[in-house]
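Below you'll find the structure, written out as structure tokens, and then a few comments.
The values are calculated or read from the model by the stated rules, or taken from the named source; none is laboratory data. Quick caveat, the model's predicted, so the values are computed rather than measured. Heads up, the Cβs are rebuilt from the backbone with ideal geometry, glycines too, and the neighbour counts pull from every protein chain shown.
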Amino acid sequence: MDREFLIDLFSGFGPVTIRPMFSGHGISVDGVNFAMALRAGLYFRADEHTIPQFEAEGSRPFQYRTRVKTVMVHSYWQLPARLFDDTEELGEWARAALGAAQRAAVKKRPRAKKAAAKKAAPKAVAKKQAAAKKNRSVGKAKRVHR
């Protein structure tokens with residue numbers, strides 16, 4: 001799927017941003033990625049609210065193979081082929097996928113802050129320890145010269 005095809009496909013949904021991603025394209029709105037167009041097909045973001053809709057259509061989650069195993073990514077599901085001919089219904093699915101992506105982004109934010117705080121904490125501790133060590137060595141030097 002090339003950029004022009006994707007722009008045309010999502011014309012009923014609204015303006016989207018299409019960027020290179022892996023072996024295809026990432027599709028987003030206002031910086032929120034909600035779809036992936038890859039060689040294997042078009043995948044929409046899904047969550048507990050939308051997965052039953054994909055399952056009812058016989059769709060499968062995105063998967064890829066490593067040297068060791070097959071990895072299933074349950075947050076992206078393949079868009080049913082029939083929707084390529086129905087841009088109005090594709091737009092409804094795209095809105096649902098965007099909603100799933102926005103919900104995931106809201107869930108993700110607090111963890112990112114906690115992770116940043118955890119990363120900063122060891123640095124701050126190390127900095128304090130280095131300062132304390134320096135102060136101790138300066139104190140020893142002063143005592144020796146007195």
Discussion item. On the basis of being surrounded by fewer than 13 Cβ atoms within 10 Å (Cβ to Cβ) and assigned to a strand (DSSP E or B), does Pro20 make the cut?
Written reply: yes
Discussion item. Every residue in the stretch 65-94 that is under 15 Å from Ser28 (Cβ atoms) and surrounded by 19 or more Cβ atoms within 10 Å (Cβ to Cβ), please.
Written reply: Tyr76, Ala94
Worksheet item: Considering the stretch 56-101 alone, what residues qualify as being of a type in the set (S, T, N, Q) and within 15 Å of Leu38 (Cβ to Cβ)?
Response: Ser59, Gln63, Ser75, Gln78
Discussion item. Looking at the stretch 38-60, I want the residues that are closer than 24 Å to Arg3 by Cα and have a partner that is among the hydroxyl-bearing types (Ser, Thr, Tyr) and at pLDDT below 95 with Cβ atoms under 8 Å, at least 6 apart or on another chain. Which pairs are those?
Written reply: Leu38/Ser23; Arg39/Ser23
Worksheet item: Condition test on Val144, is it of a type in the set (Val, Ile, Thr) and modelled with pLDDT of 65 or more?
Response: no
Discussion item. Tell me the residue from Leu38, Leu9 that is surrounded by 15 or more Cβ atoms within 10 Å (Cβ to Cβ) and within 20 Å of the chain's Cα centre (by Cα), please.
Written reply: Leu38
Practice prompt. Tell me which residues, restricted to the stretch 65-81, are within 24 Å of Glu48 (Cβ to Cβ) and not small (Gly, Ala, Ser).
Written response: Thr70, Val71, Met72, Val73, His74, Tyr76, Trp77, Gln78, Leu79, Pro80
Item to complete: Would you point out which residue out of Ala97, Ala46 is among the aliphatic types (A, V, I, L, M), touching a helix residue (DSSP H, G or I) at 6+ places or on another chain (Cβ under 8 Å) and buried (at least 16 other Cβ atoms within 10 Å of the Cβ)?
Response: Ala46
Fill in: Residues satisfying the stated conditions in the stretch 40-61, i.e. modelled with pLDDT of 95 or more and of a type in the set (A, V, I, L, M, F, W, C)
Leu42, Phe44, Ala46, Ile51, Phe54, Ala56
Worksheet item: Does the stretch 113-120 contain any residue that is at pLDDT 90 or above and out of contact with any Pro (no Cβ under 8 Å at 6 or more places or on another chain)?
Response: no
Discussion item. Within the stretch 23-35, take every residue that is among the polar types (S, T, N, Q) and under 14 Å from Gly99 (Cβ atoms) and give me the one that is surrounded by the most Cβ atoms within 10 Å (Cβ to Cβ).
Written reply: Asn33
